[in-house]
Amino acid sequence: AGKFFQHAPTETSQATLASVSPVFAVMKFDKEGNTTYFEKKKTELYQELGLQARDLRFQHVMSIATRNNRIIMRMEFLKAVITPEFLLILDYRNLSLEHWLLNELASQLAGEGQLVTYSLPFEFRAIEAILQYWISKLQGRLNTLQPQILDTLEALVDPKLLSVDRSKLHILLQNGKSLSELETDLKVFKETILEILDEEEVIEELCLSKWTDPQVFEESTSGIDHAEEMELLLENYYRQAEDLLNEARELRVLIDDSESIIFINLDSHRNVMMRLNLQLTMGTFSVSLFGLIGVAFGMNLESSLEEDPRIFWLVTGIMFLGSGLIWRRLLSFLGRHLDPPLPPHVPAVLKKPQPAAGRVEIKTSLKGETFGLSRSTLTNQ
């Protein structure tokens, strides 16, 4: 009884794990473009393909690897297994992915599309179709972001604006975040292809028909080995990713420059307001300083001056005149310290004169032997 209770949970757990094995929704394409749909457990699928369980984990965001004469590709949500006879797309239930699978991929694999490798073996067409789809998806993301960023920057970079629209800044922040994600995806795509280009053995392994039918891979119609054509194919999409990345970097530089311009405009307006505030403060100080005279005459003290009717206008004039003079003096002091200094005047004596044409002719016509110098020394002097 003790042995039974010890082994029973293990057998139950194994049965449970087998029953809950993940199920892949698979779309299968053959060389003629025929499409079939089916669902299969992961255990059954990797056994039929001659793979191991870890080969179908797709733990990497983007990867291209070969296992047992099979090509395993992962482009984020796009998971594919390529063999010399067919292409499997796993977990294809995605709106944009289904549109591409149903309308474009089947015809491309059958040789009816615009693939350059239509005359090459099946794995070439499958790899190019997947790379073309992914690079076009990245291009579409860039084409969507570019006009939005340019329109937002055009609305923000305006020297007449005294403040910045927060809604525009929010849109620019979101677009900048999307642009950063696009740059990351392009860099990962480039690094994935570059890792393959740096390894000749991996490029050879991507040519699956070389191992199943070696006669196919003797020579191509153009006289180039098929392994070299695989390398040229990968380099083509590497260059396309590099061009897209350069455009994304230009947008990033444009955003950074525009932010600098926005900050400069805001600082300029802020400096104007601060200078105006300082001028008004100086005016208030000048009026308050000479207002003490009016305070002194406004006290309830008797003197002989209040009996003269001209004293009022005299004191008032002194107050306004003194306040104006003090304010003008303070403004001139402020201008000397805030306005940028003029560039120093360069005297005409220090300017290097341009030699006249006649003088050059006379100098070249002279002989160095007259002065004990060579012609080259005279020219240098």
Quick check on this structure: which one of 261, 255, 326 is farther than 30 Å from residue 180 by Cβ, surrounded by 12 or more Cβ atoms within 10 Å (Cβ to Cβ) and not charged (D, E, K, R)? 326
Please identify the pairs in which a residue from the stretch 116-145 that is outside any loop (DSSP other than H, G, I, E, B) has its Cβ atom under 7 Å from the Cβ atom of a residue that is modelled with pLDDT of 90 or more and open to solvent by 20 Å² or more (accessible area, probe 1.4 Å), counting only partners at least 6 apart or on another chain. 135/240; 138/185; 142/247; 145/178
Scanning the stretch 44-62 for residues that are open to solvent by less than 50 Å² (accessible area, probe 1.4 Å) and in contact (Cβ under 8 Å) with a residue 12 or more places away in the chain gives 45, 49, 50, 51, 55, 56, 58, 62
Is there any pair with a first residue in the stretch 272-283 that is under 18 Å from residue 332 (Cβ atoms) and a second that is among the hydroxyl-bearing types (Ser, Thr, Tyr) and open to solvent by less than 100 Å² (accessible area, probe 1.4 Å) whose Cβ atoms are under 9 Å apart and which are 6 or more apart or on different chains, and what are they? 283/323
Of the residues that make up the stretch 211-219, is at least one open to solvent by less than 30 Å² (accessible area, probe 1.4 Å) and modelled with pLDDT of 85 or more? no
Matching option when the condition is modelled with pLDDT under 85 and not in a helix (DSSP H, G or I), among 21, 107, 63, 13: 21
Candidate set from the stretch 26-43 (those that are open to solvent by 40 Å² or more (accessible area, probe 1.4 Å) and touching a Ser or Thr at 6+ places or on another chain (Cβ under 7 Å)); member that is nearest to residue 186 (Cα to Cα): 28
If you go through the stretch 123-132 one residue at a time, do you hit one that is outside the structural domain of residue 38 (by the TED database) and within 23 Å of the chain's Cα centre (by Cα)? yes
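The values are calculated or read from the model by the stated rules, or taken from the named source; none is laboratory data. Note that the coordinates shown come from a computational prediction; the quantities given were computed from them, not determined experimentally. Using ideal geometry, Cβ is built from the backbone for each residue, glycine included, and neighbour counts are taken over all protein chains shown. Keep in mind that these areas ignore ligands, DNA and RNA; they rest on the heavy atoms of the full protein, side chains included. Shrake-Rupley method; radii C 1.70, N 1.55, O 1.52, S 1.80 Å.
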